[in-house]
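Below: one structure, written as structure tokens.
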Amino acid sequence: IEGVITDQPDKGLLRSMPSVVQEVAAQLAIAEQDDAVRGVLLVVDSPGGTVTASDMLYHEIRRFKERSGKKVVVIMMNMATSGGYFISLPADKIIAHPSTVTGSVGVIFMRPKLHGLMEKIGVAVEVDKSGEAKDIGSPFIPTTPEEKAFFQHIVDELAADFYAKVTAHRKLSEEAMREVRTAAVFLPRRAKELGLIDEIGYLDEAAALARKIAGV
């Protein structure tokens, strides 16, 4: 799993390629049906992506383990942050490369605002709407305290689900979770101290661990 996590197909010049979600789901289906496959080594190098796509991948990996009983080991490469960490949670073991950056456990929702610029150049937008909240988050109007509270509630709800999954899979202490909830990023040594990962190592060591826990 490399790059931004999205469920949108990768559009090329001549044809579209499957999204990362479709590609991983297909590979897991092949691994599930092949009796010769005893486990999966999942290489993650991603800064994250959309909440929905990350949750879909998390679901696919978790369901693969439940249906097949096969083991999954994650090896993190350059980066496995935010959604990149989220999708790693179902793994039986998580290994980080010695230079991996991981963590950033949380949710962010950014909204551009153009109303100040529009006022300077003398441009305005008129809106007719059917409901009070129909233009909520519009870049053309200032954010009201009510809108800010509304979006913060959404972010908090999504983040709470992320925290719950980290707690369920990693069994972190409350002290560790307080640090993790800051959405900071960590190098492997600190990530291991907190309990976010199991080991620090290289690709061949991750493969050896996958073979070991799969009984190969």
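Every condition in (1) open to solvent by 50 Å² or more (accessible area, probe 1.4 Å); (2) part of a loop (DSSP other than H, G, I, E, B) is met by Leu172 except one, and the failing one is (1).
One line per residue, one yes/no per condition, for (1) on the phi < 0 side of the Ramachandran plot; (2) in contact (Cβ under 8 Å) with a residue 40 or more places away in the chain; (3) of a type outside the set (A, V, I, L, M); (4) touching an Asp or Glu at 6+ places or on another chain (Cβ under 7 Å):
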residue: Met110; (1), (2), (3), (4): yes, no, no, no
residue: Val180; (1), (2), (3), (4): yes, yes, no, no
residue: Val185; (1), (2), (3), (4): yes, yes, no, no
residue: Arg189; (1), (2), (3), (4): yes, no, yes, no
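Counting the residues of region 195-216 that are in contact with a strand residue (DSSP E or B) (Cβ under 9 Å, 6 or more places away or on another chain), assigned to a helix (DSSP H, G or I) and open to solvent by less than 80 Å² (accessible area, probe 1.4 Å) gives 5.
Screening region 81-102 for residues that are assigned to a strand (DSSP E or B) and aliphatic (A, V, I, L, M) and picking the one that is farthest from Gly195 (Cα to Cα) gives Val101. Within the set His97, His115, the sole residue that is modelled with pLDDT under 95, out of contact with any helix residue (DSSP H, G or I) (no Cβ under 7 Å at 6 or more places or on another chain) and surrounded by 12 or more Cβ atoms within 10 Å (Cβ to Cβ) turns out to be His115.
Of all the residues that make up region 1-28, how many are surrounded by 14 or more Cβ atoms within 10 Å (Cβ to Cβ), among the hydrophobic types (A, V, I, L, M, F, W, C) and free of Cβ contacts under 8 Å to residues at least 24 places away in the same chain? Total satisfying the criteria: 0.
Note on region 59-80: residues that are open to solvent by 10 Å² or more (accessible area, probe 1.4 Å), touching a residue at least 12 places away in the same chain (Cβ under 8 Å) and either part of a helix (DSSP H, G or I) or among the β-branched types (Val, Ile, Thr) (or both) amount to 5.
Looking only at region 130-139, decide whether some residue is more than 22 Å from the chain's Cα centre (by Cα) and either under 30 Å from Ile30 (Cβ atoms) or crowded, with 16+ Cβ neighbours inside 10 Å (or both). So far as region 130-139 goes, yes, one or more of its residues are more than 22 Å from the chain's Cα centre (by Cα) and either under 30 Å from Ile30 (Cβ atoms) or crowded, with 16+ Cβ neighbours inside 10 Å (or both). Where residues in region 23-55 are of a type in the set (A, V, I, L, M, F, W, C) and within 10 Å of the chain's Cα centre (by Cα), which of them is farthest from Val74 (Cα to Cα)? Ranking the qualifying residues of region 23-55, first place goes to Val51.
The values are calculated or read from the model by the stated rules, or taken from the named source; none is laboratory data. This is a predicted model, so every value here is computed, not measured. No Cβ is skipped: glycine too gets one built from the backbone with ideal geometry, and neighbour counts run over all protein chains shown. These accessible areas exclude ligands, DNA and RNA; they are computed on the full protein's heavy atoms, side chains included. Shrake-Rupley method; radii C 1.70, N 1.55, O 1.52, S 1.80 Å.
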